[in-house]
Structures are given as structure tokens and as C-alpha cells.
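Q: Below you will find the structure I want to go over with you.
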Amino acid sequence: MLSLDFLDDVRRMNKRQLYYQVLNFGMIVSSALMIWKGLMVITGSESPIVVVLSGSMEPAFHRGDLLFLTNRVEDPIRVGEIVVFRIEGREIPIVHRVLKIHEKQNGHIKFLTKGDNNAVDDRGLYKQGQHWLEKKDVVGRARGFYQENISVEDRNYLFLILEL
Amino acid sequence: MAAAAAQGGRSGGGGGSGGAGGGPSGGTGSSRSGLLDKWKIDDKPVKIDKWDGSAVKNSLDDSAKKVLLEKYKYVENFGLIDGRLTICTISCFFAIVALIWDYMHPFPESKPVLALCVISYFVMMGILTIYTSYKEKSIFLVAHRKDPTGMDPDDIWQLSSSLKRFDDKYTLKLTFISGRTKQQREAEFTKSIAKFFDHSGTLVMDAYEPEISRLHDSLTTERKMK
């Protein structure tokens, strides 16, 4: 057998100690998981923290900013608020501002969005034949954000590395 | 003296392996496959990074355990450790349930189950913290000495230790609880870890083992006098 000195610590452990090491690792992963799920339950959003991926909301949000979202039923969506939504059939959520809302008596709404830095509204992005978004497409409303003060070049560089 | 040290090719050495946790599997190496024998390395002198505080403490604890279990032939009791393992296992179980449930029923429907699992998980964390702070209290070995006559309940020996961060003073405390009288006696020593390790980080059992024996004998002789 090879002289695997670095495994000496493992070899010296009995079954219980090995199991405890495995459990320890499991506990760390579980803690992170439970905190994330806990946030999901508290905010009501399926993704309580998102990263801004494009520059379509500048100068408010830049690429790489963190957004904190909530999606509570009792908070209605109003014009001027920033929402994160998913278009049917697409995976990646989009962060834009609400432009127009049609609201019925029973609370059902349909709304139109547009990125601050875009020239046109999002109708071009929606599904074929879809002109409005609905509550079910919403991931959450932005309640807070975290921004790193780095230059545009540094931001682009970081994104290049992350995407690789 | 040399027999107690973790050196030399003891033929019955396989019995000490597994940290005496594999007691039921017998003391002879012939009951295991050759590969498993080569895997266990209890005969090799313990060598660790002397600047790593937790490695130092762990190796001192393990060696003290070995001395008590092998030299005095006490039987290790896993009650405390099993308690901690059960609590951790239950916590991980809650986490796994939350994960799978959320995967099967996408988010909004799974909210009540998720909330339940998250709260249970953190409650278990709290229980674990209380358990380790108050019940375990840095005890790493509970060993029983079976009464030879078989009449009286077992005597219990407990080992606990402490080594502060970036400090070199290691405190080892041996507690003896008599099975008959339920009296408790303890003895401890505080020494610099430099006394037990050589410059390369190898634990020198010749220096460590007498300390343990001295602690042990100081508690046994008192018993004889009473």
C-alpha cells in the first residue's frame, strides 16, 4: 500500500469518529440550506436574493448587485416599483420597473415593465402573443440592495471570469 | 513500559485498533481482511502539525484514551457520543426532508412543510448546543471498569481535557465515580504540550503515558485507603 501519510488522521479514526466527520459536513451543508429555505418562507419568494445580470437598470442597479426580494400577498404591486419576474419558458429572471398596471376589482392585475436603461418597454421580451405580465410570473419585489463600488471595467472583468 | 507505548510490532496490536470502539469485533487481527489491517495504523507513532492546536489536543486526547483502554482494560461507554450523533442525524434528517419535499412540490405549496422543517432544524441546533455545553462538557471518554465479582455496579472513569486557543498548557482531568458508593473523585494535571511532543510533532508516549498512569493511580490508591 502506498505511504499515504496525509490519510493518517482518517486511518486512526474509528467508525463513530468517521461518521461524526461525515455528519459535521452534512450539518454545515444543512445549515446553509435551512437558512436559505427559511428566507424563502419568511419573504414568500422562491428566490429571496438575486444578482443583477444586465445593465438594463442603470444608473439604479449595476451588474453584480445583490437584490433582496419579498413576495407577500398583502403587498400589492404598484407602478414605479422594481420587480423581478420570469417569462414563461425562460429560466433567467429579469429585473425591471413596472410601467403600467390594469387592476380588476378582485385584485387580479396585469402589468407592463421596462428597464430604466432600455429605450422600449419589455413587450419584445415577453412570450409570443403575450402583452402583459401577471402575478404568477413575479419572483418578488425589490426591497433592498447591496452594491460594490467598483469601476465598470472591474465589473466586466469579474463577470467574464464568473461566466467562464 | 515499552509495551504500553504505541511502538513495536505487537501481534495482538490489531485488537487495540479502532480506538477500542470495535470491541465486539474481537481482538485478533485474523478476523479482518488483510487490507483492513493495513489500513489501521495504531502502531505508528502519532505525528501531527505541532502548531495546529486542535490536532495537538485531539492526539493527546486519543492517546490518553488508548492508555486507559489498553493498559487498564476498561470498556468504553459510547452513551454520550451516541447522544450527540443522534441529535445531529435527526437535524440532517429534517434538512433532507425539507429538500426533497420542496423538490417534489414547488415552492408556494411547500411553505408549511418548509417552515416546520426549518424551525425543527434550529430547535435541534439549540438542543445540540445545550447538550454539548452541559451534558458533554468536554468529556471525551467514559469508560467502565467491570467489577470482577460481578455483584456491584461498574466504576466509571471519565476523561475530559481543555487546551485554550494559542495556549500551550494542556489540562487533563480524570474523574472516578465509584459504582458502589456513587462518590466522585477527580485528579488533573496541567502541563505544557512541549513536554509531550518532540520538535517534529511526534507524540512521545514515553513522556505522556506515565502522567496518565500517575493520575490514574492517585485515584485508585485513595480508594484502597478508604
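Q: 5 Å is the cut-off here: which amide hydrogens, built 1.01 Å from N in the peptide plane, fall below it relative to B:D155, excluding neighbours closer than 5 in sequence?
A: B:R145, B:D147, B:G179
Q: Here's something else I'd like to know. Please compute the modelled spin-label separation between A:E163 and B:E211, points set 7 Å along Cα→Cβ, answer in nm with one decimal.
A: About 6.0 nm separates the two model spin labels.
Q: Could you list which residues have their amide H under 5 Å from that of A:T113, counting only those 5 or more apart in sequence or on another chain, with H placed in the peptide plane?
A: Sorted by chain and number, the residues that satisfy this are A:L99, A:D122.
Q: Modelling each spin label as a point 7 Å along the Cα-to-Cβ direction, I'd like the A:K127/A:Q21 distance in nm, to one decimal.
A: Label-label distance for A:K127 and A:Q21, simple model: 5.1 nm.
Q: As an exercise, identify the chymotrypsin sites (Phe, Trp or Tyr not before Pro) in the stretch A:93-137 lying in DSSP coil whose Cβ has no more than 16 other Cβ atoms within 10 Å. It would help to have the intermediate numbers written out before the result.
A: Working: sites: A:F111, A:Y126, A:W132; in loops: A:Y126, A:W132.
Taking the stretch A:93-137 and a limit of 16 other Cβ atoms within 10 Å, the loop chymotrypsin sites (Phe, Trp or Tyr not before Pro) found are A:W132.
Q: Count neighbours as other Cβ atoms within 10 Å of each site's Cβ, and list the chymotrypsin sites (Phe, Trp or Tyr not before Pro) in the stretch B:120-226 that are DSSP loop with at most 13 such neighbours.
A: Numbers: sites: B:Y121, B:F122, B:Y131, B:Y134, B:F140, B:W157, B:F166, B:Y170, B:F176, B:F189, B:F196, B:F197, B:Y208; in loops: B:F166, B:F196.
Answer by residue number: B:F166.
Q: Exposure proxy check: B:R145, B:R214 ranked by fewest other beta carbons within 10 Å? Mind dumping the intermediate values first?
A: Values: B:R145 18, B:R214 12.
Least crowded to most crowded, the residues run B:R214, B:R145.
Q: Calculate, in nm to one decimal, what B:R180 and B:W101 gain on full extension: separation in residues at 0.36 nm each, minus their alpha carbon distance.
A: Values: separation 79, 0.36 × 79 = 28.44 nm, distance 5.20 nm.
Stretched out fully, the B:R180 to B:W101 stretch lengthens by 23.2 nm.
Q: Shifting gears a bit: Ranking A:H96, B:H199, A:H108, A:H62 by Cβ neighbours within 10 Å, fewest first, what do you get?
A: Numbers: A:H96 23, B:H199 7, A:H108 10, A:H62 18.
If I rank by nearby Cβ atoms, fewest first, I get B:H199, A:H108, A:H62, A:H96.
Q: If you only keep lysine pairs separated by 8 or more in sequence, or across chains, how many in the stretch B:45-84 come under 21 Å at the Cα atoms?
A: Eligible lysine pairs with Cα atoms under 21 Å apart amount to 9.
Q: Would you list, by chain and number, the aspartates and glutamates whose Cα falls below 13 Å from the Cα of A:K110, excluding same-chain residues fewer than 8 positions away?
A: Within the straight-line limit of under 13 Å, A:K110 reaches these aspartates and glutamates: A:E134, A:D137.
Q: Would you calculate, for chain A, the mean residue ellipticity at 222 nm contributed by helices, counting each DSSP H stretch of 4 or more residues as -39,500 (n - 2.57) and dividing by all residues, to the nearest 500?
A: Details: 3 runs with 45 residues, N = 164.
Mean residue ellipticity at 222 nm (helix-derived): -9000 deg cm²/dmol.
Q: Calculated FRET efficiency, A:Y146 and A:R72, Cβ-Cβ r, R0 22 Å, to nearest 0.05? Walk me through the numbers on the way to the answer.
A: Details: r = 21 Å, r/R0 = 0.95.
So the FRET efficiency works out to roughly 0.60.
Q: Under the Karplus relation 6.51 cos²θ - 1.76 cosθ + 1.60, θ = phi - 60°, what is the ordered set of whole-Hz ³J(HN,Hα) values for the stretch A:70-75, x standing for Gly and Pro?
A: Going residue by residue, I get 10, 9, 7, 5, 7, 9 Hz, with x marking Gly and Pro.
Q: Could I ask something else about it? With a point put 7 Å past each Cα toward its Cβ, work out how far B:T202 is from B:W51 in nm, to one decimal.
A: 2.2 nm
Q: Using the Karplus equation 6.51 cos²θ - 1.76 cosθ + 1.60 (θ = phi - 60°), what ³J(HN,Hα) coupling, rounded to whole Hz, does each residue of the stretch B:63-74 give in order, writing x for Gly and Pro?
A: Per-residue couplings from phi come out as 5, 4, 4, 4, 4, 5, 7, 8, 6, 9, 6, 7 Hz.
Q: Across the stretch A:76-82, in residue order, what do the Karplus-derived ³J(HN,Hα) couplings come to in whole Hz, using 6.51 cos²θ - 1.76 cosθ + 1.60 with θ = phi - 60° and x for Gly and Pro?
A: The phi angles translate into x, 7, 10, 4, x, 7, 9 Hz.
Q: Provide the FRET efficiency to the nearest 0.05 for the B:V123-A:R90 pair, computing r from the beta carbons and using R0 = 41 Å. If you can, show how the numbers build up before the last one.
A: Numbers: r = 39 Å, r/R0 = 0.95.
My answer for the efficiency is 0.55.
Q: Reachable lysines from A:K37, Cα under 18 Å, same-chain residues fewer than 8 places away excluded?
A: Once the sequence-local lysines are set aside, what remains near A:K37 is B:K111.
Every read-out reported here was derived from the displayed coordinates using simple, explicitly stated rules and does not represent laboratory data. Small disclaimer: the values here were computed from a predicted structure and weren't measured. With ideal geometry, Cβ positions are generated from the backbone for all residues, glycine too; neighbour counts draw on all protein chains shown.
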